[in-house]
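Here the structure is laid out as C-alpha cells; the discussion comes afterwards.
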Amino acid sequence: MMVKLKRTFGLFVLVLSFALTGQSYADSSSRSLELLKKQYLKEYEQFAAEMNQLAAFCEEHSFFTAAESIRLRASRSPDVIARYDDLPDELQPPIPKNQVPSALQWQTKLRSLEKEYARELYLLARRAIKQRHASFEYQLVRELVYHDPDHEFGRKLLGFVLYEGEWTTPFSRTMRERFVDHPQFGWIPKINVERYEQGERLYDGRWMSVEREASLRKEFHNGWEIETEHFSLKTNHSLEKGVEVGRKLEVYYEYFMREFAAFFNTPEQIEKLFGGGAALR
C-alpha cells in the first residue's frame, strides 16, 4: 500500500527551540503555575464535595444508579479523564418537568453544579493562558466542556461549531451540505451511497464495477484521494483502506494535540480564540 500524506492546511516545518532566558523568569513561571494548580484543586475539591452531597441525596430517595453516576462524574479517575474527548454532538435537552419532585430536584441541581464548576474552570483557564501556561489551560478546557458540553467558548477552542442544533467541526459542517460520512467509503455524495453499497463505483464521470475501478487506480497517479479533517491521503490500495487509515490518523491527531498543545497553540493564538477570533482549525 502506498499512501501519500499531507496536512490539509499545507505542509509545515516544525521547529522546536529552547532558550534559557533567565532563572528568575523560570522561577516566576513555575510559581504562577503552582498557584493556578492550587486554585484548581480548591475548585475541584469543592465541586466533588457538593457532588457527593447530591449523590447522598439521591441514595436517600432511592435513585441509586443516579448516585453512582454522579460520584463517577465528580471523580478524576483515568476512565473519566478519557471521556473528556467523548463529547455529545447534540445540545443538552431541557430537564423534563413531568416527574416526581425529588427527581426534578436532583437533576436540576446536578446541571447547576456542573455548569458552575465549568464556569470556574473557564475563568481559571483565562488566567492560565494570560500567564502563558497553554498546556494547563488546554487541560482545563477539556474538563470544563465535559461538565458543560454546550459551553460556547470551550467548544470553540476545541474546534467545534454549532450547526443545525449539533456540535460539529467546520470541515464536517461544510462536507455535510452535500456529502455523507459513510463508515466504509468516507465522505461521498449522498446521492451515490446506494450505488456504492451495491458495488458500483464512480470514476472519471463514469459508473463501473469495483474491479474495473481498482484496475484503473493501480497506477498511483490515478489512486483514491481521501480527505479527512486534518489530512489528505492518496493510495492505490483501496478506497476502504484509505478511509481506515484516515480515521486512525485523526485519532492520532487528537492525541497529539491533547498532549502537545503548547507547541502548536501560542498564548496569543489561544487568547484570540477566547476573544472570539477565528478557530485555529
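Throughout, read-outs are computed from the coordinates displayed, never taken from laboratory work. Bear in mind that the values here come from a model prediction, so they are computed numbers and not experimental data. Note that each Cβ is placed from the backbone with ideal geometry, even for glycine, and that neighbours are counted across all protein chains shown.
Could I have the simple spin-label model distance between Gln105 and Arg173, label points 7 Å from Cα toward Cβ, reported in nm to one decimal?
Rounded to a tenth, the inter-label distance reads 4.2 nm.
Could you work out the equivalent-ellipsoid semi-axes for the range 41-176, taking the square root of 5 times each eigenvalue of the Cα gyration tensor, largest first, in whole Å?
Its equivalent ellipsoid spans semi-axes of 27, 20, 12 Å.
If one computes the Cα centroid of the range 49-126 and of the range 223-245, what distance in Å separates the two points?
So the two Cα centres are separated by 40 Å.
Stretched out fully, how many nm does the piece from Ser238 to Ser135 gain, at 0.36 nm a residue minus the Cα gap?
33.2 nm
So, R0 is 35 Å and r is the distance between the beta-carbons of Ala49 and Phe256; what FRET efficiency does that work out to, to 0.05?
0.50
Gain in length, Lys248 to Ser29, computed as 0.36 nm per residue apart minus the alpha-carbon separation, to one decimal in nm? List each step's numbers first, then the result.
On the way: separation 219, 0.36 × 219 = 78.84 nm, distance 3.64 nm.
Taking Lys248 through Ser29 to full extension adds about 75.2 nm, to one decimal.
So for the range 62-111, considering every pair of alpha-carbon atoms, how many percent are separated by more than 12 Å?
72
Kindly state, to the nearest 0.05, the FRET efficiency for His221 paired with Lys190, given R0 = 22 Å and r defined as their beta-carbon distance.
According to the calculation, E is roughly 0.20.
Provide the FRET efficiency to the nearest 0.05 for the Lys97-Leu162 pair, computing r from the beta carbons and using R0 = 22 Å.
After rounding, the FRET efficiency stands at 0.30.
With labels modelled as points extended 7 Å from the Cα through the Cβ direction, what inter-label distance (nm, one decimal) is found for Ser75 paired with Asp204?
Computed distance between label sites Ser75 and Asp204 equals 5.9 nm.
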